[in-house]
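Take a look at the structure below.
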Ligand SMILES: Cc1cc2nc3c(=O)[nH]c(=O)nc-3n(C[C@H](O)[C@H](O)[C@H](O)COP(=O)(O)OP(=O)(O)OC[C@H]3O[C@@H](n4cnc5c(N)ncnc54)[C@H](O)[C@@H]3O)c2cc1C
């Protein structure tokens, strides 16, 4: 069975950035990646300093090349099951075992989860078809591309008022469709009214699409509102099955569910770390990569410390 210092599950920005820092620290690293980064549907990744607008898949291909160049290994597979080994062993032995979808089993001393999250989209016909193109979730990722256009925001949760205000900063033709959102915070309501944002009550039935993209928001009562882009706030659910299988508990905020970590990426489960969207629902590409670098560096530091302590134990002659 193959054994590594660190098993990284997830080869997006967070996982690959961690792999680079760990491999540059001469750690044996295996990245297991199912190959579905969250932003795959988007044409370009924005706010990525030095690579503004790069294709998300090209960015990760470069990251993989960089990680491989320092000796990291990358396996295209799903990690389908995890087992904790002897957690009482503080030393250098393997503590985790993963079953992969290619039929193999691998072991590692530390486990880093960079599995990202799932965007749970509202069940409205037309949303999935435009996702990542003219149906957007993040004013920072794609707002500039739709600046000045007629934008409809579909209210699906408590963040809708906030997202509408961010988009209103980019266009003076924004409409909020209350759909399934809770009542607007009175302060947000006053702000939207003052900025001329119409708030339309009633459930949305579908997004009507034409050749060039989304054409209109259609309400259940048949009314149609022309739009050129739509924003929705999906519920964000961390891909955390492996973590809960190890006994970890998830945390929740108004955006969704995530793995709680300390500022270094350490979870409550000994030996398990998490970085990127799985631990921070709002982190974009660069922040996810930064969290991966931090977690990778801290895992290396922990292994250095553990191995040095073992060396001390072995060096001290047994008393008596
Ligand atoms: C449509 C869209 C557009 C976006 N545009 C931008 C943008 O322009 N700029 C920006 O900064 N951010 C953007 N984002 C946010 C960006 O996608 C995230 O910040 C980033 O992908 C988080 O990186 P990550 O490594 O945490 O997760 P991901 O990139 O999602 O990578 C997780 C990886 O783990 C793999 N995985 C999951 N479970 C397993 C498993 N059990 N076994 C093996 N592999 C597994 C997945 O297949 C995936 O490859 C966008 C998001 C969306 C939805």
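The values are calculated or read from the model by the stated rules, or taken from the named source; none is laboratory data. Worth saying up front: this structure is predicted, and the values here are computed from it rather than measured. Don't worry about glycine lacking a Cβ; one is built from the backbone with ideal geometry, like all the others, and counts go over all protein chains shown.
Among the listed residues 105, 115, identify the single one that is surrounded by fewer than 14 Cβ atoms within 10 Å (Cβ to Cβ) and touching a strand residue (DSSP E or B) at 6+ places or on another chain (Cβ under 6 Å).
Every option except 105 fails the conditions.
Could you list all residues from the range 93-128 that are under 24 Å from residue 204 (Cβ atoms) and part of a loop (DSSP other than H, G, I, E, B)?
Once the filter is applied, which keeps residues that are under 24 Å from residue 204 (Cβ atoms) and part of a loop (DSSP other than H, G, I, E, B), the range 93-128 yields 121, 122, 123, 124, 125, 126.
Among strands (runs of 3 or more DSSP E) lying entirely in the range 169-260, which contain 2 or more residues that are under 26 Å from the mean Cα position of the chain (by Cα) and modelled with pLDDT of 95 or more?
Because the criterion is at least 2 residues that are under 26 Å from the mean Cα position of the chain (by Cα) and modelled with pLDDT of 95 or more, the strands (runs of 3 or more DSSP E) in the range 169-260 that meet it are 229-232, 235-238, 251-253, 256-258.
With out of contact with any strand residue (DSSP E or B) (no Cβ under 8 Å at 6 or more places or on another chain) and away from the ligand (no atom under 14 Å from the Cβ) as the only criterion, which of 69, 13 stands out?
Just a single option satisfies the conditions, and that option is 69.
Of these, 61, 19, which one is modelled with pLDDT of 95 or more and in contact with a strand residue (DSSP E or B) (Cβ under 9 Å, 6 or more places away or on another chain)?
19
Quick one: which residue in 290, 297 is in contact (Cβ under 8 Å) with a residue 40 or more places away in the chain, crowded, with 16+ Cβ neighbours inside 10 Å, over 11 Å from the mean Cα position of the chain (by Cα) and over 16 Å from residue 7 (Cα atoms)? Full working, then the answer.
Details: 297 fails: over 16 Å from residue 7 (Cα atoms).
One residue alone meets the criteria, 290.
Does residue 231 count as buried (at least 18 other Cβ atoms within 10 Å of the Cβ), in contact with a strand residue (DSSP E or B) (Cβ under 6 Å, 6 or more places away or on another chain) and over 30 Å from residue 299 (Cα atoms)?
In short, yes.
Can you tell me which residues in the range 135-162 are part of a helix (DSSP H, G or I), within 16 Å of the ligand (Cβ to nearest atom) and more than 19 Å from residue 214 (Cα to Cα)? Spell out the reasoning first.
Keep residues of the range 135-162 that are part of a helix (DSSP H, G or I), which gives 139-142, 144-146, 160-162.
Filter again for within 16 Å of the ligand (Cβ to nearest atom), leaving 139-142, 144-146.
Residue satisfying the conditions is 140 alone.
Take the residues in the range 29-63 that are closer than 17 Å to residue 114 by Cα and assigned to a loop (DSSP other than H, G, I, E, B); name whichever of them is farthest from the ligand (Cβ to nearest atom).
Top of the filtered list is 40.
Kindly evaluate residue 278 against the criterion of being touching a residue at least 40 places away in the same chain (Cβ under 8 Å) and within 12 Å of the ligand (Cβ to nearest atom).
yes
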